[in-house]
1. What would the Debye equation give as log₁₀ I(q)/I(0) for the range A:18-61 at q = 0.33 Å⁻¹, counting only Cα atoms as equal point scatterers?
2. How much FRET efficiency would the formula 1/(1 + (r/R0)^6) give for A:L50 and A:N97, where r is the Cβ-Cβ distance and R0 is 30 Å, rounded to 0.05?
3. Which distance in nm do the two modelled labels at B:N62 and B:H170 give, with both placed 7 Å along the Cα-to-Cβ direction?
4. When the helices in chain B are scored as -39500 (n - 2.57) per DSSP H run of 4 or longer and the sum is shared across all residues, what 222 nm value do you end up with, to the nearest 500 deg cm²/dmol?
5. In vacuo Debye scattering of the protein assembly as shown, one point per C-alpha: log10 I(q)/I(0) at q = 0.10 Å⁻¹?
6. For the range B:1-145, taking Cα atoms only, what is the radius of gyration to one decimal and the Dmax to the nearest whole Å?
7. Would you kindly state how much longer the chain becomes between B:Y145 and B:E107 on full extension, computed as 0.36 nm times their sequence separation minus their alpha carbon distance, in nm to one decimal?
8. Would you mind giving the mean number of other chain beta-carbons within 10 Å of the Cβ of each residue in B:40-53, as a whole number?
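What follows is calculated from the coordinates using simple rules that are stated; it is not laboratory data. Given the structure is predicted, the values throughout are model-derived calculations rather than measurements. In this analysis, Cβ positions are derived from the backbone assuming ideal geometry, glycine residues included, and neighbour counts consider all displayed protein chains.
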Amino acid sequence: MKQMKNILKDNIFNVPEGYYDTLAQRTRQRKRKRKARQLWLGGIAAAAVLAVGMFFAISQETSFEEINYQSNVDRDIELYISAGYWDEMDILGMADNPNELLDEIIASEWDFEFGDEQKTLIETEIFY
Amino acid sequence: MVPISDLKLIELIQDPQTKDRGFQLLMDYYQQRVYGIIRKMLIVHEDSDDVLQNTFIKAFRNIHKFNRKSTLFTWLYRIAVNESLNFLESKKKRFFFPIEDHHEIMENYLDKSPLINGDEIQKFLQKAILKLPEKQRLIFNLRYYEDLNYEEISQITDTSVGALKASYHHAVKKIEEQIKSF
């Protein structure tokens, strides 16, 4: 009966002739290739980040332009009003939703008056 | 080849002026032994060559992490073992082929490759070892073929000596059972 101890422990695994002679050189080449690939991938990643950054910057710029445009319009309207060229009725007449605007103005006026009144009441309670 | 200490070898690799020479020496010293353990795990020469090169590239890049608590050889073995097990793991997942297919490739390689030169019983022993679970196979190879002691295997595999002893004896028992049928 065969037993493990009777089997030779010889190495049965061979390598091609001259395998070890070129191994270090081939390994160095592989290392260099990987480094080059890493650098290349790093470059691609950096380019991608730059592209995404530029995309966001351009988007941001567009929205700034929109804001600037809106603020220019607001400034012009204020100029027309302060110069007495337009009055409240002109503005309401030009608005798409004059009733809503009027409601908002009234509501804010009421809030202001109520707030003021309440403040006065509180002050009165404190001091008297 | 003039013997050189681990410390000297590490110094050579870490110095930009001498790193190429250090790398060459590291490979000259350890390539055959490290190849041996990888080949016994992967059987196929081309796979072993691939993993061996990756082992040395990894070692070279991470030499600064070598803590000098073990020998450079034990540290290299550890990387080689991890790379080999990862390779086998990747074969389980790649293209959804099951691991059995890769086992078949390794078994056929033992029968047909011109890079295998053992007699029939030696090949039969290799096939019996192949039937063991991967980690048990690794422990068996390190103990039986590499003649490493349990302390060294413990450092390489991060496994307790007790567990290693149990695993090895279990592996031997399973192999002996198979050899009886030869």
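1. These q points yield log10 I(q)/I(0) values of -0.98.
2. Values: r = 45 Å, r/R0 = 1.49.
Step by step, r from the Cβ atoms, then E = 0.10.
3. Once both label points are built, they end up 2.7 nm from each other.
4. On the way: 9 runs with 132 residues, N = 182.
Here the helix-only value at 222 nm equals -23500 deg cm²/dmol.
5. Debye output, listed in q order: -0.71.
6. Expressed in Å, the Cα Rg and Dmax of the range B:1-145 come to 16.8, 51.
7. Details: separation 38, 0.36 × 38 = 13.68 nm, distance 1.90 nm.
Extra length from B:Y145 to B:E107 when fully extended: 11.8 nm.
8. Working: counts 3, 0, 1, 1, 1, 5, 1, 0, 2, 6, 1, 0, 3, 8.
Average per residue, whole number: 2.
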